[in-house]
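This report refers to the structure that appears directly beneath it.
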Amino acid sequence: MGNTTRMIIIGGGVGGYPAAIRAARTGADVTLIEKDRLGGTCLNRGCIPTKALLRSADVIHTMKISDTFGIRCKGYEIDFEAVMTRKDAVVSRLTQGVKSLLAARKIKVVTGTASFIDAKTIQISETGEKIEGDAVLIATGSRPGKIPVDGVDGPGVMDSNRLLEMKALPKSVVVIGGGVIGIEFAQFLNAMGTTVTVIEMMPHLAPGLDGEIARILEKLVAASGVNVIVNASVKNIAGKKTGHTVTYSSGNSTEAVDAEKVLLAVGRTPDFSLLNVDAVGIRHEKGAIAVNAFMETNIRGIYAAGDVVGGMMLAHLASAEGECAVRNALGSE
């Protein structure tokens, strides 16, 4: 089946492009559809850019403790524009690498928004082009989550995507959400000299981690100068001329903290809103596409992998799920 199968992969992130390469290696005729940039969230707006920024923060930390190594630094100056330019260069280099890998396997890449016409036909919204396939893999990833509080859509309230596009360093930021995304940005901004407050509704930061590790991490984050508030629920974000006031409840009291900007870092949500899945009858539950142990949906020949199926939203898991889906779709080992 592999040599004649037409495989359509929707999404060029870490759930999609490794799957496309695996399918092409098997001998399938592969079309990869991506509406934005190859590499998806991980390479463009997640793992890679955040680690590039944290590397800059690490350099600052090393200079601060350089006496420990017998080297005395007489201060430093942060060029925020240069920091962000380096981040963009790192991202560009890796996304170009993905493009080269796909080209080497003769994988057709279509730029546009995919939408189901039927179980075997995908239409590109921008051009009207119709692409037919024998098997389809949905790997459209996720988008930043939101919370239902007043003021969350204010102009100074950023999600992780917008923060990565900042042109100027804010003097103060309130980070709503103390998970891995919130902690990474809090550490980076704090190192850059921004006054940072993190508000987390759970009893400790990084609630998804082992409890002992999370508590140690929380102590380190607080010791670095970040104001950490846990067991707190955000009630309101009020915009002002000079910034924002974030009101939260903690126990029986209501408190507030002011900042120039607010970062909403409350996790991510599976994103398949533009695919027209209901027209095909693809089942989804609790905001995620439902799949079986073979990564197949309830519609024969349509598979899904990565953030779009919910669960643990990790890059390496998305890649493994995508390749698993391809193996099952093509009947290969």
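Go over the candidates Asp307, Asp258 one by one and state the one that is within 30 Å of Ile199 (Cβ to Cβ), among the acidic types (Asp, Glu) and under 22 Å from the mean Cα position of the chain (by Cα).
Matching residue, one of Asp307, Asp258: Asp307.
For residues in the range 82-134 being basic (Lys, Arg) and within 29 Å of Pro49 (Cβ to Cβ), which is farthest from the chain's Cα centre (by Cα)?
The extreme case among them is Arg105.
Go through (1) crowded, with 18+ Cβ neighbours inside 10 Å; (2) over 17 Å from the mean Cα position of the chain (by Cα); (3) closer than 30 Å to Ile138 by Cβ and name the single condition Arg6 misses.
Only one criterion in (1) crowded, with 18+ Cβ neighbours inside 10 Å; (2) over 17 Å from the mean Cα position of the chain (by Cα); (3) closer than 30 Å to Ile138 by Cβ is unmet by Arg6, namely (1).
Right, Leu263: open to solvent by less than 60 Å² (accessible area, probe 1.4 Å), at negative phi and in a strand (DSSP E or B) or not?
yes
With the structure loaded, tell me whether Phe294 is aromatic (Phe, Trp, Tyr) and either assigned to a helix (DSSP H, G or I) or within 21 Å of Gly39 (Cα to Cα) (or both) or whether it fails that test.
Here the answer is no, as Phe294 does not meet what is asked.
Scan the range 179-195 residue by residue and report those that are surrounded by 17 or more Cβ atoms within 10 Å (Cβ to Cβ), in contact (Cβ under 8 Å) with a residue 60 or more places away in the chain and part of a loop (DSSP other than H, G, I, E, B).
Correct list: Gly179, Met192.
For Val198, are the conditions met, namely being assigned to a strand (DSSP E or B), in contact (Cβ under 8 Å) with a residue 40 or more places away in the chain and either surrounded by fewer than 21 Cβ atoms within 10 Å (Cβ to Cβ) or touching a strand residue (DSSP E or B) at 6+ places or on another chain (Cβ under 8 Å) (or both)?
For Val198, the condition - assigned to a strand (DSSP E or B), in contact (Cβ under 8 Å) with a residue 40 or more places away in the chain and either surrounded by fewer than 21 Cβ atoms within 10 Å (Cβ to Cβ) or touching a strand residue (DSSP E or B) at 6+ places or on another chain (Cβ under 8 Å) (or both) - is not met.
For the range 186-228, enumerate the residues that are over 20 Å from the mean Cα position of the chain (by Cα) and among the polar types (S, T, N, Q).
Asn190, Thr194, Thr195, Thr197, Ser224, Asn227
Any idea which of Ser92, Ser125, Ser66 is closer than 20 Å to Gly15 by Cα and either surrounded by fewer than 16 Cβ atoms within 10 Å (Cβ to Cβ) or not basic (Lys, Arg) (or both)?
Among Ser92, Ser125, Ser66, only Ser92 is closer than 20 Å to Gly15 by Cα and either surrounded by fewer than 16 Cβ atoms within 10 Å (Cβ to Cβ) or not basic (Lys, Arg) (or both).
I need the full set of residues from the range 18-60 which are surrounded by fewer than 23 Cβ atoms within 10 Å (Cβ to Cβ), in a helix (DSSP H, G or I) and among the hydroxyl-bearing types (Ser, Thr, Tyr), in order please.
Thr26, Thr50, Ser56
What about Gly13, is it of a type outside the set (S, T, N, Q), part of a loop (DSSP other than H, G, I, E, B) and in contact (Cβ under 8 Å) with a residue 12 or more places away in the chain?
Yes.
The values are calculated or read from the model by the stated rules, or taken from the named source; none is laboratory data. Computed from a prediction, not measured in an experiment: that's the story for all the values here. Every residue, glycine as well, gets a Cβ built from its backbone with ideal geometry; the counts of neighbours run over all protein chains shown. What goes into the accessible areas is simple: the full protein's heavy atoms, side chains included, and nothing from ligands, DNA or RNA. Shrake-Rupley method; radii C 1.70, N 1.55, O 1.52, S 1.80 Å.
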